[in-house]
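Some notes on the structure that comes next.
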Amino acid sequence: MPVPLKHVESSADLPATADVVIIGAGIVGAFAAYYLARRGMKVVLLEKGRVGAEQSSRNWGWCRQQNRDARELPMATKSLELWERFAADSGEETGFRRCGLLYLSNDDEELATWARWRDFARTVGVTTQVLSASEATERAAFTGKPWKGGVFSPTDGTADPASAAPAVARAFMKLGGTLIQECAARGVELEGGRIAAVVTEKGTIRTKVAVLSAGAWASSFCRQLGIRFPQATVRQTSAAVSAGTGILPDALHTTAISLTRRIDGGHTLAISGRGRVDPTPQFLRFSPQFLPMFLRRWRKLAPGGLEGFRCGHETLARWRLDAPTPMERVRILDPKVDESAVRLMHARAVALIPALKERAITAKWAGYIDSTPDGVPGIGEVTGFPGFILAAGFSGHGFGIGPGAGHLIADLVTGAESFVDPRPLHPDRFGHSAWGRVAEF
Ligand SMILES: Cc1cc2nc3c(=O)[nH]c(=O)nc-3n(C[C@H](O)[C@H](O)[C@H](O)COP(=O)(O)OP(=O)(O)OC[C@H]3O[C@@H](n4cnc5c(N)ncnc54)[C@H](O)[C@@H]3O)c2cc1C
């Protein structure tokens, strides 16, 4: 029962030259490629496995401003507009809808946090509705239970993780872009200290700009160049249930269980924040920097196993450019499902909404969420490496803000003025401690 994902055909040949080479075709790399191609650039999008096959198809599909950190909120707002515009501009379908997101709680502290966020959001023109007990209970009639309160964010929405990155890659190819799948970038060549080429398993592409949107693999790739990018991953499990009768919400968060309507009418089940930490050499290397994040989130994390070693994405090994690398051995990061989590989420879903009992589990999967020490992505040209742009560490938020991130990358590459101040996102900040700067959600 693997994670559902649409297929895209690759282009025929690897070009010898490009204006920009993008390494990694998740949602971020695909949108960056698309916006660069729209500006007339010759772009090659490289993917070691299949478009969208890692985090970008394994997520819930939430595209939200709700509860976003101030550093990310402008990008989240812009992304919602871009999700909408993408379908009209490209004729491709990502399943995006502004269906609104519903949050319910019986916890006073959680409700107070949401109310504080509402007050902050107002200052930047974002509307969210804090629900009283009677409003929450009325909206949550499908649970048949009373609620102390909640939040409804009417302008947020969801897109379909199985369709989105493939749709964007197809739109990119319609603009003349080149997509090569099953083709890992092994490294880069520098000339005079700046990017001169990207070396892949199928040949070398001369270019002056390389974008590293490699998700969970970004840090080990950076290490080959002597770049220190602190990154850690948490393994999260989700499951999908079939469509059925009864009125269920499009997107619901409660502490016990979250659910999201899928494009086939079924729902994705997940427990927010719950995950397993699989120790790896890279995890040990960066763990001091992740202490502030860990202290904030540890309640929902459990120790994992040797899965991180098996997958190899957090290796500290150095590799050669003329021999197969760990990325070729693991075309798709497909970590082990936490079966106890599946049982728990199904039991909690049925306890919340008894009608779900009739729905069969149609798929279950796990994914590694890549995070930075402060829970905000690193996007920007790496200091000391002209032409090398890092875009990774999306910390569980990258699907929704994928369009904005891609747009920002295109702005950075072309030198255009951006819709967002890129400085708070620059990777240079990872040289400093994350104490006091960890995103709240
Ligand atoms: C269970 C779960 C739930 C989530 N829920 C949400 C949500 O509701 N909303 C939200 O906004 N976000 C969510 N996220 C987070 C979101 O999925 C990620 O932040 C986002 O998909 C990251 O996109 P990306 O393009 O950076 O990385 P990825 O999608 O991981 O893509 C990176 C790609 O790079 C490729 N690659 C790596 N190295 C190389 C190389 N050397 N050469 C070629 N290719 C390479 C990989 O194969 C991969 O396909 C969730 C994540 C998970 C796992």
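Note that region 302-315 has calculated 3J(HN,Hα) couplings of 10, x, x, x, 8, 4, x, 5, 4, 6, x, 6, 10, 5 Hz, one per residue in order, obtained from phi through the Karplus relation 6.51 cos²θ - 1.76 cosθ + 1.60 (θ = phi - 60°); glycine and proline are x.
With the gyration tensor restricted to C-alpha atoms of region 266-345, the semi-axes of the equivalent ellipsoid amount to 27, 19, 10 Å, longest first. Each residue of region 31-41 was assigned a 3J(HN,Hα) from its phi angle through the Karplus curve 6.51 cos²θ - 1.76 cosθ + 1.60 (θ = phi - 60°); the sequence is 5, 4, 4, 4, 5, 5, 5, 5, 8, x, 8 Hz, with glycine and proline shown as x. Can you work out the PRE-style zone for Ala196? Point 7 Å along Cα to Cβ, and I want the residues of region 219-249 with backbone N under 17 Å. Flagged as within label range: 225. Under 5 Å between amide hydrogens, built in the peptide plane, is the criterion, and for Ala251 it picks out Leu102, Arg261 among residues at least 5 positions away or on other chains. The solvent-accessible area of His346, taken with every protein chain present and a 1.4 Å probe, is close to 50 Å².
The alpha carbon convex hull volume per residue for the chain rounds to 129 Å³. Take region 278-323 with all the other protein chains still there, run a 1.4 Å probe, and you get 61 Å² of accessible area per residue. With the convex hull of its Cα atoms as the shape, region 1-58 has an orientation-averaged projected area of 4.4 nm². Counting only DSSP beta bridges with both residues in the chain, the antiparallel share comes to about 70 percent.
If you fit an axis through the alpha-carbon atoms of helix 339-352 and take the longest principal axis of the Cα set of the chain, what angle between them do you get, 0 to 90°, nearest 10? It works out to around 40 degrees. Around the amide H of Val209, modelled in the peptide plane, lie the amide H atoms of Val21, all under 5 Å away and 5 or more residues distant in sequence or on another chain. In terms of accessible area, using a 1.4 Å probe and ignoring ligands and nucleic acids, Phe419, Phe86 rank largest first as Phe419, Phe86.
Estimated at 0.36 nm per residue, the fully extended path between Ala416 and Ser242 surpasses their Cα-Cα distance by 58.1 nm.
The relative contact order of the chain, computed from alpha carbon pairs under 8 Å that lie at least 6 residues apart in sequence, is 24 percent. Per-residue ellipticity at 222 nm from helix content only, as computed over the chain with -39500 (n - 2.57) for each DSSP H run of at least four residues, stands at -8500 deg cm²/dmol. The C-alpha atoms of the chain define a longest principal axis, and helix 281-297 lies at about 30 degrees to it. If you wrap region 311-374 in the convex hull of its Cα atoms and look at it from every side, the mean projected area works out to 7.1 nm². Under 5 Å between amide hydrogens, built in the peptide plane, is the criterion, and for Thr315 it picks out nothing among residues at least 5 positions away or on other chains.
Give me the tail of P(r) for region 236-309 as a percent: Cα-Cα pairs with distance above 20 Å. Looking at region 236-309, the distances longer than 20 Å represent 47 percent of pairs. When the chain is treated as a GNM with alpha-carbon contacts under 10 Å, the residue of Tyr368, Tyr34, Tyr103 showing the greatest mean-square fluctuation is Tyr103. Quick one: check the C-alpha center-to-center distance for region 122-200 versus region 245-281, whole angstrom. Taking the Cα centre of each part, region 122-200 and region 245-281 sit 15 Å apart.
Placing pseudo-labels 7 Å out from each Cα toward the beta carbon at Glu189 and Val124 gives an inter-label distance of 4.3 nm. 3J(HN,Hα) along region 118-135, derived from phi through the Karplus expression 6.51 cos²θ - 1.76 cosθ + 1.60 where θ = phi - 60°, amounts to 4, 5, 5, 4, 4, 5, 10, x, 9, 9, 9, 9, 7, 9, 6, 4, 6, 5 Hz, with x in place of Gly and Pro.
Nearest 10 degrees, 0 to 90: what angle lies between the long axis of helix 73-90 and the longest principal axis of the chain (Cα atoms)? With rounding to tens, the tilt is 80 degrees. For region 9-119, the mean projected area of the C-alpha convex hull, equal to one quarter of the hull surface, is 9.4 nm².
Computed over protein heavy atoms with a 1.4 Å probe, the accessible surface of region 120-194 works out to 41 Å² per residue.
The values are calculated or read from the model by the stated rules, or taken from the named source; none is laboratory data. Quick caveat, the model's predicted, so the values are computed rather than measured. No Cβ is skipped: glycine too gets one built from the backbone with ideal geometry, and neighbour counts run over all protein chains shown. Just so you know, the surface numbers come from the protein's heavy atoms only, side chains and all, with ligands and any DNA or RNA stripped out. Shrake-Rupley method; radii C 1.70, N 1.55, O 1.52, S 1.80 Å.
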